[in-house]
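Presented below is the structure to which this report refers.
Bear in mind that the values in this text are calculations on the coordinates, not laboratory data. Only a predicted model underlies this, so the values are computations on that prediction, with no experimental measurement involved. When we count neighbours, we look across all protein chains shown, and the Cβ atoms used for this are built from the backbone with ideal geometry, even at glycine.
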Amino acid sequence: MTLAKRIIPCLDVDRGRVVKGVNFLGIRDAGDPVEVARRYNEQNADEITFLDITASHEARGTTLDMVSRIAGEVFIPLTVGGGIRSCDNIRALLNAGADKVSINTAAVTDPDFVYEASQRFGSQCIVVAIDAKRVSEGGEPPRWEIFTHGGRRPTGLDAVEWSRKMVDYGAGELLVTSMDRDGTREGFDLGVTRAISDAVSVPVIASGGVGSLDHLVAGVKEGGADAVLAASIFHFGEYTIEQAKQYMAAQGIEMRL
Amino acid sequence: MTIAIIDYGMGNLHSVAKAIEHVSPDERVTITRDARAIKGASRVVLPGQGAIRDCMGELERTELTGLVKELLSDASKPLLGICVGQQMLMDKSEENGGVRCLGYMPGRVTRFDDTALDDQGQRLKVPHMGWNRVHQHHMHPLWEGIPTGERFYFVHSYFVQADDDAHAMGYIDYAGSRAHVATGRDAVFAVQFHPEKSADAGLRLLANFVTWSP
């Protein structure tokens, strides 16, 4: 087996600026997405994901400008998510230099949008974000449901069934985030990661809850993830991506070093 | 000198253009479907993304099929095929129920087996997405400065198998198949991976293309 597992740092951006403080050594402007992307590229990141949290529709042009500037300098895959609702949004991002887009709420409100987008642009650039929360009680067989609005709104959709459906509709990759673990630093929800990874043929990215390098290892080994996404452990300079890769490789995981 | 990236409506051409501009700031890189501009260029890139039936269909619709065949037969003009642009050079693809391609190199395009397991019993995912090691099968000027086994970035479900061993420039083994992820003949070199997204190794390959004189 020679296909490497991937490490993907995730950046929140608002109006073309990185927010939620990136703070690693020797960076001049931690808010400049181009500089942060360049730094992660130097650390050997396999891809970079941007989550656009820009609230105002009008300010979204700044995201396109940002993607275009990054794509001119950093030659690894770029994924952009957040607020993508139409094929026009997707076309604009791809033209600016994004390689993939991550569709979240719009997939839940209009699953046909995923089908239309994958037909139009190819499955290879359509990532569907699966925000899942455990809904079963302690003694029951585990069950997870899809939630929207940052984990506040239940949809009644079973996360594993929904994942299968999204792949049938053309998703080329799934970004599985545990809303129970997101921000906790307690590690991925390995149960939901494994259940979805076993249920679908496409690659799965594990997300939500990373607090240590062992969590990344577990995401791959126990969760069956093809890629792991993390934010804070890299942003605050606790670990470089290179260190994380070395650690995972030492645990027997195929990595691009 | 001008490098033309053929714009027949399929694929993310801007990333390719930006990467080539990055390695050759003195060349003019143009994204075009104008036959005269393509013919006048000193080098040509044939990209491709999405379903192969759509790629072949759009090439036909934009009336560029004949021109691309003409370019392929010109043994002095370097042409780089990328992703579906590599697959299109073969005889046929089994995607979309069977699609006839440009027939420049004998061979076919088939799908990875998505039921195959790796040595730890994990299901191998299709699309084949991520960084894999490319083994160089024949020496070629485009491999200059790139070690065999170097990783490049892939995202695809179908792959090329060339009939003629002389055309197979590089390969990967995945899901029980040997995929010829780099193929070449005369002034044509084609890759399944995305050099424009493969960090330093990819940029080196593009730099080699820009200076290649077959």
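Which order results if A:LYS221, A:LYS5 are arranged by neighbouring Cβ count within 10 Å, fewest first?
Neighbour counts put them in this order, fewest first: A:LYS221, A:LYS5.
For peptide A:115-126, compute the average count of partner chain beta-carbon atoms within 10 Å of each residue's beta-carbon.
4
Take the alpha carbon atoms of the protein assembly as shown, find their radius of gyration, then divide it by 2.2 N^0.38 Å using N residues; give the quotient.
So the protein assembly as shown has a normalised radius of gyration of 0.94.
Are any of the pairs A:LYS221/B:LYS197; A:LYS5/A:LYS221; A:LYS100/B:LYS18; A:LYS100/B:LYS197 more than 22 Å apart by Cα-Cα distance, and if so, which?
As for pairs spanning more than 22 Å Cα to Cα, those are A:LYS221/B:LYS197.
PRE reach from A:ARG38 (point 7 Å along Cα→Cβ): which of region B:172-214 fall under 17 Å by backbone N?
Answer for this model: B:199-200.
Calculated from DSSP H runs of 4 or more alone, at -39500 (n - 2.57) each and per residue, what is the 222 nm mean residue ellipticity of the protein assembly as shown, nearest 500?
Taking each H run of at least 4 residues, the total per residue is -8500 deg cm²/dmol.
Taking R0 as 30 Å, what FRET efficiency do you get between A:ASP198 and B:THR148 from their Cβ-Cβ distance, rounded to the nearest 0.05?
0.30
Grab the beta carbon distance between B:SER177 and A:ASP168, set R0 = 30 Å, and tell me the FRET efficiency rounded to 0.05.
0.80
What three numbers, in Å, describe the spread of the alpha carbons of region B:75-200 along their principal axes, ordered from the longest?
47, 37, 24
Give me a single rounded figure for B:124-136: the average over its residues of other chain Cβ atoms within 10 Å of their Cβ.
That average works out to 6.
Using a basic spin-label model with each label point 7 Å from the Cα along Cα→Cβ, how many nm lie between B:ASP200 and A:GLU116?
Each label point is offset 7 Å from its Cα along the Cβ direction, giving 4.5 nm.
Hey, any idea what Rg/Rh is for region A:153-257, computing Rh the Kirkwood way over Cα pairs?
Reported Rg/Rh, Kirkwood definition of Rh: 0.99.
Over region A:6-251, what is the relative contact order in percent, taking alpha-carbon pairs closer than 8 angstrom and at least six residues apart?
Computed over region A:6-251, the figure is 17 percent.
Could you please rank B:VAL45, B:VAL23, A:VAL176, placing first whichever residue has the fewest other Cβ atoms within 10 Å of its Cβ?
In order of increasing Cβ crowding within 10 Å: B:VAL23, B:VAL45, A:VAL176.
Quick one: if the Förster radius is 41 Å, what FRET efficiency do A:THR109 and B:SER73 give, using the C-beta to C-beta distance and rounding to 0.05?
0.20
With 10 angstrom as the radius, rank A:SER178, A:SER118 by how many other C-beta atoms surround their C-beta, starting from the fewest.
The most exposed by this proxy come first: A:SER118, A:SER178.
What does the net charge come to around B:ASP114 if you take all other residues with beta carbon closer than 15 Å to its beta carbon, with K and R at +1 and D and E at -1?
Net local charge, B:ASP114 excluded: -4.
How big is Rg to Rh over chain A, alpha-carbon atoms, Rh as the Kirkwood inverse-mean-distance radius?
For chain A, the value is 0.94.
Tell me which aspartates and glutamates have Cα within less than 18 Å of A:LYS165's Cα, excluding those fewer than 8 residues away on the same chain?
Candidates past the 8-residue exclusion: A:ASP110, A:ASP112, A:GLU116, A:ASP131, A:GLU145, A:GLU173, A:ASP198, B:ASP114.
Roughly how many nanometres apart are two label points built 7 Å out from the Cα toward the Cβ at A:GLN243 and A:ASP29?
2.7
What per residue convex hull volume, in Å³, do the alpha-carbon atoms of region B:2-211 yield?
106
Using the basic label-point model (7 angstrom from Cα toward the beta carbon), what is the A:ALA59 to B:ALA166 distance in nanometres?
Taking the two extended label points, one gets 6.2 nm.
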